[in-house]
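Participant: Take a look at the following structure, please.
Derivation of every value follows stated rules applied to the coordinates shown; laboratory data play no part. Bear in mind that the values here come from a model prediction, so they are computed numbers and not experimental data. A quick note on method: Cβ atoms are made from the backbone with ideal geometry, for glycine too, and the neighbour counts reach across all protein chains shown.
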Amino acid sequence: MRFIVNGASMEAQVDLRTSLLDLLRDHLGLTGSKKGCNQGACGACTVLVDGTRINSCLALAVQYQNREIVTVEGLAEGAALHPLQAAFVEHDGFQCGYCTPGQLCSAIGMADEIARGVPSIVTADLSAETIPLDHDELRERMSGNLCRCGAYNGIVAAIAETFAKEPA
Amino acid sequence: MTPFTYARATGPADAIRMGQGDGAKYLGGGTNLVDLMRETIEHPATLVDVTGLSTAIEPLDGGGLRIGAAASNTSLAAHPQVREAYPVLARAILAGASGQIRNMATVGGNILQRTRCTYFYDDAARCNKRAPGAGCDAIDGFNRIHAILGASPACVATHPSDMCVALAALDATVRLDGPEGARELPLAALHRLPGARPDVETELRPGELIVAVDLPALPFAARSTYRKVRDRASYAFALVSVAAALDLEGNIVRDVRLALGGVAHKPWRAEAAEAALRGKPATAENFRAAAEAELSAAVGLRDNAFKIELARRTIVAVLGELAEVQA
């Protein structure tokens, strides 16, 4: 099977039962994406596929051949952190760091969704063409990523600084 | 996880050809099926990947909308015509799961997702869905999340979908294709009540595939909404949910659509409540009477009797909200 991960084409022969997460971690050596619950509840495994965030633990790798997969390893440009990564450092958006790769990929996908005008359950006006990334929107849209250290205030601050026009 | 073979379908005919035979299952986004396979509750011999089928969301001649079964939950909720003409559907979808899961999950897969009854997931427990005839540990167990309407001595599980509750309220039709040809079923008639065979969850025939969902034109659904009551504010299944659309002429209910989630083995179209409301003034008293009519047959178990009053109050609140909007 052929996969495109962080811009590089990679070949791997894997059992059909292999999840995208296990493919990344165990076969391609990309251990940034984390296995928390392995059932879609925690978001630690979040990666981007063709720019869209998904839970890689619930994805069978075979379904994601020849798609553009981006993991936390693909966010920085060489030694230069992605602005969101720098903001996580600045705002203490983590303690143990285990959920961080998923938080980062999820927030990037989330910012793209809101820029495309995808509403959320807290969006009051479904007909609005632009939706502000305010405090309630940000927290609702990031509810698929848990942080058991409880670093949510720092996480929200980092995402807001990077993607919101107004402080969330 | 039990080994399986995998094939990616290029179109409905291809999928149906590969989907024949014992042990074949259609695979959408995998958000439920992969999890159930990992828990060895599902063990298909063959997975037929149908994510390559139609994702189109297109207007129907004469009004309405056709939704390709492979459309993602996110794309359906974000579709401009859904947001404008069927806000109850957009809100129901957005009330469910997380952003990541809505991106993966397909419309067909959402309809065919299985219950989140904890005893169904626990292979040390008795479950008539997993092992027909084994018994049910939920009936006398921790059953706070279980059904209050339409349950049976064999099963008290609920259907977990939010989207389907809105589809039931909107009189959606499911377009099927299969070895015996194409046919249609109303969404509200697709899922079964548990009866003596809770393992048979839908009216689908062997090898049948959901190809699309049709929404009829329903102009008053522009004034519709969905309210979900759950244990936390986001990313939790419904204890009770209400999908409703209200058509008022002055203060008189000309027409109404009402469906409940989290209360039964299927999305529960509240026809008794609808009948009680048509032609009546849109008052809190009449909303309450309609809710009473619908819930009169409800039965509480040890832990879930609170849902009966919760459902009544949520119906009254949602109808009240829609009446305000329209006034």
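Participant: If you add up the charges near B:Ala212, with Lys and Arg at +1 and Asp and Glu at -1, over every other residue whose beta carbon is less than 10 angstrom from its beta carbon, what do you get? Write out the running numbers ahead of the final one.
Facilitator: Values: positive: B:Arg66, B:Arg175; negative: B:Glu58, B:Asp177, B:Glu184, B:Asp214.
With Lys, Arg at +1 and Asp, Glu at -1, the net is -2.
Participant: Tally Lys/Arg at +1 and Asp/Glu at -1 over every other residue whose Cβ is under 10 Å from the Cβ of B:Pro198; what's the total?
Facilitator: So the surrounding residues net to +2.
Participant: Still on this structure, I have one more. Taking chain A as a Gaussian network, where each spring joins two C-alpha atoms under 10 Å apart, which residue of A:Ala151, A:Ala76, A:Ala111 fluctuates the most?
Facilitator: With Cα springs under 10 Å in chain A, the top fluctuation among A:Ala151, A:Ala76, A:Ala111 is at A:Ala76.
Participant: On to the next question. Report the charge-dipole magnitude of the range A:49-149 in Debye, nearest 20, computed about the Cα centre from +1 at each Lys and Arg Cβ and -1 at each Asp and Glu Cβ.
Facilitator: So the magnitude is around 380 debye.
Participant: Now for a different question. Could you give the radius of gyration (one decimal) and Dmax (whole number) of the Cα atoms in chain B, in Å?
Facilitator: Final numbers for Rg and Dmax: 19.4, 61 Å.
Participant: Now a separate question. Using a Gaussian network for chain B with springs between C-alpha atoms less than 10 Å apart, which of these wobbles most: B:Ala189, B:Ala90, B:Ala244?
Facilitator: Between B:Ala189, B:Ala90, B:Ala244, it is B:Ala189 that shows the largest mean-square fluctuation.
Participant: Separate question: Add +1 for every Lys or Arg and -1 for every Asp or Glu among the other residues with Cβ under 12 Å from the Cβ of A:Ile69, and state the total.
Facilitator: Working: positive: A:Arg2, A:Arg53, A:Arg67; negative: A:Asp50, A:Glu68, A:Glu73.
Counting the neighbours of A:Ile69, the net charge comes to 0.
Participant: To the nearest 0.05, how large is the calculated FRET efficiency for A:Tyr152 and B:Ala182 if R₀ is 35 Å and r is the Cβ-Cβ distance?
Facilitator: Between A:Tyr152 and B:Ala182 the formula returns 0.10.
Participant: Let's see if you can work this out: charge +1 on each Lys and Arg Cβ, -1 on each Asp and Glu Cβ, no other charges. What is the dipole magnitude of the protein assembly as shown about its Cα centre, in debye to the nearest 20?
Facilitator: Dipole size: approximately 900 debye.
Participant: Hey, what number do you get for the protein assembly as shown at 222 nm if only DSSP H runs of n ≥ 4 count, each worth -39500 (n - 2.57), divided across all residues, to the nearest 500?
Facilitator: Taken over the protein assembly as shown, the calculation gives -8000 deg cm²/dmol.
Participant: Regarding the range A:83-163, what whole-number volume in Å³ per residue does the convex hull of its Cα atoms give?
Facilitator: On the way: hull volume 6.2 nm³, N = 81.
Considering the Cα atoms of the range A:83-163, their hull volume per residue is 77 Å³.
Participant: To continue, here is another question. For A:38-49, what's the mean count of beta carbons from other chains sitting within 10 Å of each residue's beta carbon? Write down the numbers at each step before the final one.
Facilitator: Working: counts 2, 6, 10, 4, 1, 5, 0, 1, 3, 1, 1, 2.
Neighbouring Cβ atoms belonging to other protein chains average 3 per residue here.
Participant: Please name whichever of A:Ile114, B:Thr173, A:Asn153 sits farthest to the positive end of the charge dipole of the protein assembly as shown, dipole taken about the Cα centre and charges placed at Cβ: Lys and Arg +1, Asp and Glu -1.
Facilitator: Positive-most Cα among the choices belongs to B:Thr173.
Participant: If you rank B:Thr10, B:Thr173 by fewest surrounding Cβ atoms within 10 Å, what's the result?
Facilitator: Values: B:Thr10 10, B:Thr173 21.
Least crowded to most crowded, the residues run B:Thr10, B:Thr173.
Participant: Two-decimal Rg/Rh of the range B:25-82 from alpha-carbon positions, Kirkwood Rh?
Facilitator: Result for the range B:25-82 is an Rg/Rh of 1.12.
Participant: Within 10 Å of each residue's Cβ, count the other Cβ atoms and sort A:Phe163, B:Phe142 from fewest upward.
Facilitator: B:Phe142, A:Phe163
Participant: Sticking with this structure for a sec: Across peptide A:118-125, what mean number of C-beta atoms from other chains lies inside 10 Å of a residue's C-beta? Show your work: numbers first, answer last.
Facilitator: Values: counts 8, 9, 7, 13, 3, 4, 0, 1.
Partner Cβ neighbours, averaged per residue: 6.
Participant: Determine Rg/Rh for the range B:5-49; Rg is computed over alpha-carbon atoms and Rh is the Kirkwood hydrodynamic estimate from the same atoms.
Facilitator: 0.97
Participant: Expressed as an acute angle from 0 to 90° and rounded to the nearest 10, what is the orientation of the C-alpha long axis of helix B:306-326 relative to the principal long axis of chain B?
Facilitator: With rounding to tens, the tilt is 60 degrees.
Participant: For the protein assembly as shown, just the Cα set please: Rg and Dmax, both in angstrom.
Facilitator: 22.5, 69
Participant: Next question. Can you compute the charge dipole magnitude of chain B about its Cα centre, using +1 on each Lys and Arg Cβ and -1 on each Asp and Glu Cβ, nothing else charged? Give it in debye, rounded to the nearest 20.
Facilitator: 480
Participant: Now for a separate question. Give me a single rounded figure for B:20-29: the average over its residues of other chain Cβ atoms within 10 Å of their Cβ.
Facilitator: Working: counts 0, 0, 0, 0, 0, 0, 0, 3, 1, 5.
So the per-residue partner count for this stretch is 1.
Participant: Hey, another quick one. For the peptides A:134-142, B:271-279, what is the packing order when you average, over each peptide's residues, the other Cβ atoms within 10 Å and list the highest mean first?
Facilitator: A:134-142, B:271-279
Participant: Quick check on the range A:2-74: of the DSSP beta bridges with both residues there, what percent are antiparallel, nearest 5%? Could you put the intermediate results ahead of the total?
Facilitator: Values: 11 of 13 bridges.
Percent antiparallel among DSSP bridges in the range A:2-74 is about 85.
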